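**Student:** I'd like to ask you about the structure that follows.
The values are calculated or read from the model by the stated rules, or taken from the named source; none is laboratory data. The model shown is predicted, which means the values in this text are computed figures rather than measured ones. Just the protein is used for accessible areas: all its heavy atoms, side chains included, with ligands, DNA and RNA removed. Shrake-Rupley method; radii C 1.70, N 1.55, O 1.52, S 1.80 Å.
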Amino acid sequence: MTEPAPAARLVVLVSGSGSNLQALLDAATDPAYGARVVAVGADRTGIAGLDRAANAGVPTFVAELSAYPSRTDWDRALTAHVAEHRPDLVISAGFLKLVGPHFLAAFGDRYLNTHNSLLPAFPGMHGPRDALAYGVKVAGATLFFVDAGVDTGPIVAQVTVPVLDDDDEQTLTERIKVAERRQLVEQIGRLVRDGWTITGRKVTIP
Ligand code: GRF
């Protein structure tokens, strides 16, 4: 009998409500999923994302930028915290900080971010707001490998949702998040179970 492959180790970084984190925590309760969340990190205290981790019995760490003399020191500290948990993948799920060169040197080949727009349109902090202001008719979410730019890395997957005539920022944001969470769970599962290659900008999951 062959042993099942050990579950891949996920470290998830959050700054807010952590509903994407929750979706991963829920998926990982099934051993067939192939991954488990071994730690959750944040750049601030007092957020629901950290409570969700604690409720699931997952260890947490916090690296606040203001606690370090420089951004470089913070980057090194964040890297050390994450490294301690020996992740196979690191996932930014609503983590509102750009990591630095030290972090990317350690995890740049396995650090993913989920963003609430159809990149390369509407990068940055206000994807749904910017999409509404532009008047687009479809919006969505993008899962990508993080590089040194802002929301510029190689794309793993995208999902679309309609923009409705009576949408405001909140209704569109919520519609995107429902599709985004489903995509995140599905694609992280595929990555850990099947592996991937990146050729130029093109990500392929066999
Ligand atoms: C997600 O929509 C993500 O794209 C954006 O922030 C949101 C995080 O939501 N950057 P949550 O904290 O996972 O609920």
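**Student:** Quick one: with all protein chains in place, what share of the accessible area of segment 1-102 is carbon or sulfur, to the nearest percent (1.4 Å probe)?
**Tutor:** Carbon and sulfur together cover 53 percent of it.
**Student:** Then there is this: Which percent, to the nearest 5, of DSSP beta bridges fully inside the chain are antiparallel?
**Tutor:** Given both bridge residues lie in the chain, the antiparallel proportion sits at roughly 45 percent.
**Student:** Students often forget the sequence filter, so: which aspartates and glutamates lie under 13 Å Cα-Cα from LYS177 once same-chain residues fewer than 8 apart are removed?
**Tutor:** Candidates past the 8-residue exclusion: GLU169.
**Student:** Suppose all protein chains stay in the model; what accessible area per residue would a 1.4 Å probe give for segment 7-107, in Å²?
**Tutor:** 42 Å²
**Student:** Going by accessible area, probe 1.4 Å, with all protein chains left in place, what is the ranking of LYS202, LYS177, largest first?
**Tutor:** Of LYS202, LYS177, the descending order of accessible area is LYS202, LYS177.
**Student:** May I ask you to give the percent of accessible area on segment 141-204 that is carbon plus sulfur, with a probe radius of 1.4 Å?
**Tutor:** Carbon and sulfur: 50 percent of the exposed surface of segment 141-204.
**Student:** Using modelled backbone amide H atoms (1.01 Å from N, in-plane), which distant-in-sequence or interchain residues come within less than 5 Å of GLY140's amide H?
**Tutor:** Amide H neighbours of GLY140: LEU118, VAL161.
**Student:** For the full complex of protein chains and a 1.4 angstrom probe, list ASP147, ASP43 by accessible area with the highest value first.
**Tutor:** Sorted by accessible area, descending: ASP147, ASP43.
**Student:** Follow-up question, since we're still on this one. For LYS97, go through the aspartates and glutamates and keep the ones whose alpha-carbon is under 15 Å away, minus same-chain ones fewer than eight residues off.
**Tutor:** Straight-line reach from LYS97, under 15 Å: ASP43, GLU64, ASP73, ASP75, ASP147, ASP151.
**Student:** Quick one: work out Rg over Rh on the C-alpha atoms of segment 8-127, Rh as Kirkwood radius.
**Tutor:** Taking Rg over the Kirkwood Rh, I get 0.95.
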